[in-house]
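The values are calculated or read from the model by the stated rules, or taken from the named source; none is laboratory data. All values reported here derive from a predicted model rather than from experimental measurement. Cβ placement follows ideal geometry from the backbone for every residue including glycine, while neighbour counts extend to all protein chains displayed.
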Amino acid sequence: MIKRNPQLAALKAGYLFPEIARRRREFAAAHPEDPSKPETRIISLGVGNTTEPILPCTTAGLVEGAKKLGTAEGYSGYQDEGLPELREKIAEVFYKNDAIKAFNIEEIFISDGAKCDIGRLQLLFGRETRVAVQDPSYPVYVDGSVLAGAANGWIGTGYEGIVYLPCTQENNFFPDLSLLPENSVLYFCSPNNPTGAVATRDQLTRLVEAARNKGCLIVFDAAYSEYIRDPDLPKTIFEISGAKECAIEVNSFSKPAGFTGVRLGWTVVPKELRYQTGESINTDWARIAGTIFNGASNIAQAGGLAALSVEGQKEIRQLSDFYLQNAALIRSALQKLGIACIGGDNSPYIWACFPGRDSWEVFAEILEKCRVVTTPGAGFGPSGQSFIRFSAFGHRADVEAACQRLIHFVN
Ligand code: PL4
């Protein structure tokens, strides 16, 4: 008989989002919706999944991309590392400003989404490499590391070898960098999922300094960078001097352009990045990507190019503004009820605190009393206990209805 990969047994229970879907289904089965009573309909402010249509210029790019495939001149096959025009456009739109020396296209790899690259990136580091994460954090960093065999998996009460850096109210949701182990890979997300906190320039400067002093590599997840409205907050780690020697950045079209189902992202791996032994990380990443990834869909890439045109960038702004307005509604509804929360101003997530409560219990109570699905903070790590994440991805009418129903939670 074939042996099971022991890392699978090392994973903690189920993956968070399917578990929430399961609990929602269970609740729905026990409390069926009555179509004549809109208040019985379950509304989701749980998973961060876009709901609004892709806007016209970007849609036209997708359509054109598909049409080209039906012509002799326009047909294209594999595009392993991504369309050169798209790589150039990403370098120009996201990384060309006074603070950043331009990237060339060999440093920008097109992917089928940030999550997929986060999974593949683990192959750069062997089982001996320690992994550190912000706690709470997007579960893929921990579960992906365990699956890849990093730090030998789960033993007892924690992922042995995976270091959790608490991000709490006490430290303003920015970790104590003295806890960062030497020579580790740190997954860092800003704007943060789930807390909605955005690291300041000073915080990121300290982060880069700590990584360089300790020989660490930062995997910077900037999937929500287009939600930043405060001009003083960095949108990319590469705005920080020295980051090219210690950071990889992953990003995505999912949340700015509504491509969660289309699937398109990118990863920046600077040529300056080296291992302890001096080999180039960029060369290894090209090798890994070339070996186990056959490139993003060329239709998606045509859509991505359109999204980065002048008109497309206006659409990104319009779409992210819409979700940020949802976030403002949720935040204000919570505050009116006396529930303390952060996030939602430069991020689509609101992190609400329910002191002394178990977050799965609060999740169940909100579902029962308000018929609103949320995400329990404990699902993102131990420091998420007593918090609930509200996602601003939803139709406006649903968000407004959910905000009104929240009154039932306190009454
Ligand atoms: C549910 C910090 C959402 N099934 O779409 P991608 O792969 O380019 O980006 C995924 C992603 C990457 N980085 C961060 C993210 O928060 C996400 C998406 N997270 C959420 O609710 O936390 C969707 C989750 C999806 C999943 O498991 O990723």
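Before moving on, here are some points about what is shown:
- Considered as a group, the residues in the stretch 104-139 that are within 16 Å of K255 (Cα to Cα) and surrounded by fewer than 22 Cβ atoms within 10 Å (Cβ to Cβ) include one that is farthest from the ligand (Cβ to nearest atom), and that residue is D112.
- Extreme residue, farthest from the ligand (Cβ to nearest atom), among residues of the stretch 190-223 that are under 27 Å from I330 (Cα atoms) and of a type in the set (V, I, T): T200
- Neighbours by Cβ (under 8 Å, 6+ apart or cross-chain): first from the stretch 240-266, among the polar types (S, T, N, Q); second more than 7 Å from the ligand (Cβ to nearest atom) and assigned to a strand (DSSP E or B): N251/W266; N251/T267; N251/V268; S252/W266
- In this structure, I54 does not satisfy being buried (at least 19 other Cβ atoms within 10 Å of the Cβ), assigned to a helix (DSSP H, G or I) and among the β-branched types (V, I, T).
- Yes/no for S383 being in contact with a Ser or Thr (Cβ under 8 Å, 6 or more places away or on another chain), away from the ligand (no atom under 13 Å from the Cβ) and hydroxyl-bearing (S, T, Y): yes
- Residue selection: E33 fails the criterion of being in a helix (DSSP H, G or I), over 30 Å from A257 (Cα atoms), at pLDDT below 95 and more than 16 Å from the ligand (Cβ to nearest atom).
- Given (1) at pLDDT below 85; (2) in a helix (DSSP H, G or I), index of the condition R127 fails: (2)
- Meets criteria (part of a helix (DSSP H, G or I) and closer than 24 Å to K96 by Cα) for T283: yes
- Members of the stretch 177-205 found to be in a loop (DSSP other than H, G, I, E, B) and polar (S, T, N, Q), listed by number: N183, S184, S190, N192, N193, T195, T200
- Applying the criterion of being surrounded by fewer than 22 Cβ atoms within 10 Å (Cβ to Cβ) and of a type in the set (A, V, I, L, M) to the residues of the stretch 335-353, the residue that is farthest from G196 (Cα to Cα) is L337.
- Cross-chain or 6+ apart pairs with Cβ under 7 Å, the stretch 190-216 first and on the phi > 0 side of the Ramachandran plot, then at pLDDT 95 or above and within 16 Å of the ligand (Cβ to nearest atom): G196/G343; G196/G344; G196/S347; G196/Y349; G196/I350; G196/W351
- In the set (1) in a helix (DSSP H, G or I); (2) within 15 Å of P194 (Cβ to Cβ), the condition left unmet by F322 is number (2).
- Across the stretch 295-306, the qualifying residues are those that are out of contact with any Gly (no Cβ under 7 Å at 6 or more places or on another chain) and either modelled with pLDDT under 95 or assigned to a helix (DSSP H, G or I) (or both), and the one among them that is farthest from N104 (Cα to Cα) is A300.
- Set side by side, the residues G82, G48, G70 differ, and just one is within 16 Å of the ligand (Cβ to nearest atom), farther than 30 Å from R389 by Cβ and outside any helix (DSSP H, G or I), which is G82.
- Candidate set from the stretch 215-253 (those that are part of a loop (DSSP other than H, G, I, E, B) and of a type in the set (A, V, I, L, M, F, W, C)); member that is surrounded by the most Cβ atoms within 10 Å (Cβ to Cβ): F253
- Screening the stretch 1-30 for residues that are in a loop (DSSP other than H, G, I, E, B) and of a type outside the set (K, R) and picking the one that is farthest from the ligand (Cβ to nearest atom) gives M1.
- Summed over the stretch 254-274, residues that are outside any strand (DSSP E or B), away from the ligand (no atom under 15 Å from the Cβ) and not acidic (D, E) total 4.
- Qualifying residue in the stretch 289-298 (condition: free of Cβ contacts under 8 Å to residues at least 60 places away in the same chain and within 16 Å of the ligand (Cβ to nearest atom)): no
- Qualifying positions in the stretch 254-310 - among the charged types (D, E, K, R) and closer than 15 Å to P84 by Cα: none
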